[in-house]
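Inspection log for the structure reproduced underneath, given as structure tokens.
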Amino acid sequence: MNTRVLTGITTTGTPHLGNYVGAIRPAVEASRRDDVDAFYFMADYHALIKSDDAARIERSRLEIAATWLAAGLDPARVTFYRQSDIPEIPELTWFLTCVASKGMLNRAHAYKAAVDRNTETGEDADAGITAGLYMYPVLMAADILAFDAHKVPVGRDQIQHIEMARDLGQRFNHIHGREFFVLPEALIEEQVATLPGLDGRKMSKSYDNTIPLFAGGKKQLRETIMRIVTDSRLPGEAKDPDNSALFTIFRAFACETETSAFRQALIDGLGWGEAKQVLYERIESDVAPMRERYEAFMADPAAIEAILQQGAQKARAIATPKIVALRDALGLRSATAVTTTTGQPKATPKQGKMPRFASFRDADGNFRFRLFSADGEELLLSMPFTDPKAAGALQKRLKTLGAAAAVVQAQSSGMALVLDGEPVASTPEHRDESARNDALARLHEALDQLAAQE
Ligand code: TYM
């Protein structure tokens with residue numbers, strides 16, 4: 001099965017070098033691998049927690065989307081979308097909120113830091129803290145768990161959030177007795193785990209110490225690099241590369257040979273002014289070709305919108321069936337789907353009838369089978385197999401799969417059942433979204449009935 005890689009960027013500002021080396025660059029590299037399915041998005045619901053400046057958020061959404069694309073993201077290969085175009089995410093946020101322990105959220109770094117600041121200034125501990133900030137980790141967990149991501153490439157500052165997503169996924173699985181969610185792992189590029197900003201602290205919008213990736217063009221890039229804080233050692237005096245933000249930033253862009261040459265030059269007394277020029281030239285050689293593409297995208301917001309709408313469709317094809325399965329498990333089914341009022345598990349077969357498989361050879365001589373519900377409705381048609389044993393093996397797997405482990409993707413008219421990253425069977429076409437959701441609930445019911453029987 002392909003590895004699902006997922007990451008997002010909050011749309012509160014202009015993308016900076018920290019976002020690029022910590023998230024965008026490794027994510028674009030990962031998306032080019034054949035064994036990876038990548039999901040990248042603009043975290044614009046998270047932006048509302050940090051900013052009430054609508055114009056800024058709007059511009060940032062566009063800038064960040066253009067940055068991903070300029071950095072080489074191929075939207076045909078990855079699922080690229082805006083968080084706020086996926087209504088399943090806030091729905092899942094609520095499901096997770098209901099299993100989240102308040103104690104865990106009390107320990108979240110951003111919330112704790114805000115409380116500590118209040119306490120230091122003698123304010124009420126929660127003064128000025130919104131419930132949005134408090135719930136930040138749960139929204140982030142929903143981003144990740146909705147797509148069953150295995151790996152989440154992030155900078156070191158986000159590790160605690162990924163751990164909380166694991167915790168919430170595990171807790172939900174435990175409470176509801178099934179493996180509903182894959183438990184994600186953070187993917188940290190050790191070399192650039194935290195890129196320092198102008199003042200040596202973590203490069204961050206909140207510290208106002210960022211070096212913008214594209215904004216202001218090469219002139220601004222050079223001017224900002226010239227403002228990196230250094231010590232007062234003069235040209236000719238040996239510098240200490242390991243305690244220099246400038247060197248750390250250089251290393252995040254350069255290969256090993258360039259890095260050791262630069263290290264030696266600093267030790268040999270290279271002046272800070274010249275060192276900044278070397279750093280600027282190194283970064284500019286990577287950024288210049290991307291900047292041209294960035295400007296072309298920024299000049300064509302309609303093209304970005306079309307790409308994101310397509311991305312949202314792809315993302316929802318996965319998130320919608322997932323939410324339907326969760327609603328089902330949580331007792332939020334349509335009243336007409338409830339077959340018993342006595343609290344019996346829904347997997348109880350009606351009048352002893354069970355779902356059944358029917359095998360056949362198609363016109364091309366291939367082996368296929370259909371899955372019918374206990375009521376005789378066709379639920380699935382398998383892909384064609386040249387080897388009857390392969391068709392038999394798939395039937396065997398479906399008998400024990402169960403609804404919770406079934407990955408179903410919505411397609412233009414029907415749905416596909418996916419195993420190990422490959423579609424293995426398809427449903428009949430459905431009239432509309434509501435018919436599709438009903439059919440999905442019946443497929444889940446049949447898979448659970450089969451699994452209960454095994
Ligand atoms: P955000 O927008 O603060 O940052 C986006 C990504 O850039 C990384 N980053 C850095 N990496 C290295 N050095 C730095 N100085 C630096 N500054 C930022 C961040 O670690 C992050 O990977 N909550 C997230 C966005 C988010 C998300 C998600 C990420 C929402 N949902 C789900 C992954 C999965 C945030 O605010 O990142």
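The values are calculated or read from the model by the stated rules, or taken from the named source; none is laboratory data. Remember, predicted model here, so these are calculated numbers, not experimental data. All Cβ positions, even for glycine, are placed from backbone atoms using ideal geometry, and neighbour counts span all protein chains on display.
Return yes or no: is Asp167 crowded, with 23+ Cβ neighbours inside 10 Å and either at pLDDT 95 or above or more than 21 Å from Ile86 (Cβ to Cβ) (or both)? Spell out how you get there, then give the answer.
Values: crowded, with 23+ Cβ neighbours inside 10 Å: no; either at pLDDT 95 or above or more than 21 Å from Ile86 (Cβ to Cβ) (or both): yes.
Considered against the rule, which asks whether it is crowded, with 23+ Cβ neighbours inside 10 Å and either at pLDDT 95 or above or more than 21 Å from Ile86 (Cβ to Cβ) (or both), Asp167 comes out as no.
Conditions (1) more than 28 Å from Leu133 (Cβ to Cβ); (2) within 13 Å of the ligand (Cβ to nearest atom), marked per residue:
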| residue | (1), (2) |
| --- | --- |
| Met1 | yes, no |
| Leu6 | no, yes |
| Thr12 | no, yes |
| Val21 | no, yes |
| Arg25 | yes, yes |
| Asp35 | yes, no |
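Find all pairs meeting these conditions: Cβ atoms under 9 angstrom apart; at least six residues apart or on different chains; first residue within the stretch 154-174 and under 16 Å from Ile188 (Cβ atoms); second residue near the ligand (Cβ under 9 Å from one of its atoms) and of a type in the set (Phe, Trp, Tyr).
Listed pairs, sorted by first residue: His161/Tyr136.
If you take the residues of the stretch 172-214 that are of a type in the set (Gly, Ala, Ser) and either within 8 Å of the ligand (Cβ to nearest atom) or surrounded by fewer than 17 Cβ atoms within 10 Å (Cβ to Cβ) (or both), which of them is farthest from Thr67 (Cα to Cα)?
Kept after step one, since they are of a type in the set (Gly, Ala, Ser), are these residues of the stretch 172-214: 177, 186, 193, 197, 200, 204, 206.
In the following step, the residues that additionally are either within 8 Å of the ligand (Cβ to nearest atom) or surrounded by fewer than 17 Cβ atoms within 10 Å (Cβ to Cβ) (or both) were identified as 177, 193, 197, 200, 204, 206.
Details: Gly177: 41, Ala193: 20, Gly197: 19, Gly200: 25, Ser204: 17, Ser206: 20 Å.
Checking each candidate, the answer is Gly177.
What number of residues within the stretch 407-435 are closer than 19 Å to Pro355 by Cα and crowded, with 20+ Cβ neighbours inside 10 Å?
Total satisfying the criteria: 5.
Quick check on the stretch 54-102: of everything there that is touching a strand residue (DSSP E or B) at 6+ places or on another chain (Cβ under 6 Å) and among the β-branched types (Val, Ile, Thr), which residue is surrounded by the most Cβ atoms within 10 Å (Cβ to Cβ)?
The qualifying residue surrounded by the most Cβ atoms within 10 Å (Cβ to Cβ) is Ile64.
Of the residues Ala47, Ala30, Ala55, only one is away from the ligand (no atom under 12 Å from the Cβ), modelled with pLDDT of 95 or more and either of a type in the set (Gly, Ala, Ser) or in a loop (DSSP other than H, G, I, E, B) (or both); which? Working first, answer last.
Numbers: Ala47 fails: away from the ligand (no atom under 12 Å from the Cβ); Ala30 fails: modelled with pLDDT of 95 or more.
Criteria check complete, one pass: Ala55.
Which of (1) in contact with a helix residue (DSSP H, G or I) (Cβ under 6 Å, 6 or more places away or on another chain); (2) within 16 Å of the ligand (Cβ to nearest atom) is the odd one out, the single condition Met135 does not satisfy?
(1)
Pick from the stretch 141-171 the residues that are away from the ligand (no atom under 12 Å from the Cβ) and outside any helix (DSSP H, G or I): which of them is farthest from Ala410 (Cα to Cα)?
His150
Among Ala108, Ala141, which is touching a Leu at 6+ places or on another chain (Cβ under 6 Å) and small (Gly, Ala, Ser)? Quick ask: steps written out before the conclusion?
Numbers: Ala108 fails: touching a Leu at 6+ places or on another chain (Cβ under 6 Å).
One residue alone meets the criteria, Ala141.
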